[in-house]
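These notes are about the structure you will find just below.
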Amino acid sequence: MTAFHLNPHLKPLRQGDLDGLCGAYAILNALQWLLPKARDTDYLTKLFDKTIGKIYTIENIRDGGEEPELRDVFQFVRRHVARDFKVDMKLTAPFARVDDFKRPDQAMQSVFDTEKGGVFVFGFEGFDSHWTVARGLTGNEVILFDSWEYVTFDRGKFAWSDPEIDIAKSDKIVISSPDLNWISIDRR
């Protein structure tokens, strides 16, 4: 089950090969997925450009952003979206207790089954270190809207972060629960 059917003309913003700003791209891709009025490449590019210098420094560009920068980008984008479109973006960490779920994809499934009109922005490590957008799930896959052009991930490869997992040698999609964020739009 997916959050929305894919519009073949809707393309995620593509991140450059040398930048480490996947968190910023994930927030903007979540915005364009959720809010049709924001599906203007010029608008999204200008909003992205405004985050550089305000939130990200040259160290972030080289080394990638972590969770605190992701939240700062979200708040920055949220203010602009409220002003420009009169809607409120919300970011929540919906899992007080993740031990109720064996894997992160099962936790995501529980939210997709109960909430409507949202996506997950999540950071992962393992075969890659990246922030992306999950727009829905099927029985076997997590369906993405991603700046590196990942399309789906195999649900069986998801794992919670664990000190016993050697991330450098893992082919898993390893997620720490604070890096699993639900983004939705509240239309006023």
| Two-site label geometry, Ala82 and Asn140: point separation in nm, points 7 Å out along Cα→Cβ | 4.4 nm
| query | Regarding the range 22-187, what whole-number volume in Å³ per residue does the convex hull of its Cα atoms give? | reply | 117 Å³
| task | Output the pairs from Lys46/Lys90; Lys50/Lys116; Lys37/Lys116; Lys50/Lys86; Lys90/Lys172; Lys46/Lys86 with a Cα-Cα distance over 27 Å in this structure; if there are none, say none. | result | Lys50/Lys116; Lys90/Lys172
| remark: If R0 = 25 Å, then Lys169 and Gln106, at their Cβ-Cβ distance, give a FRET efficiency to the nearest 0.05 of 0.55
| request: Identify, among Ile165, Phe120, Ser176, the residue whose Cα sits farthest towards the positive end of the charge dipole of the range 98-188, taking +1 on the Cβ of Lys and Arg and -1 on the Cβ of Asp and Glu, with the dipole about the Cα centre. | output: Phe120
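Bear in mind these aren't lab numbers, they're just calculated from the coordinates by the rules spelled out. Keep in mind it's a predicted model, so treat the numbers as computed, not measured. Positions of Cβ are generated from backbone atoms using ideal geometry, with glycine treated the same way; all protein chains shown enter the neighbour counts.
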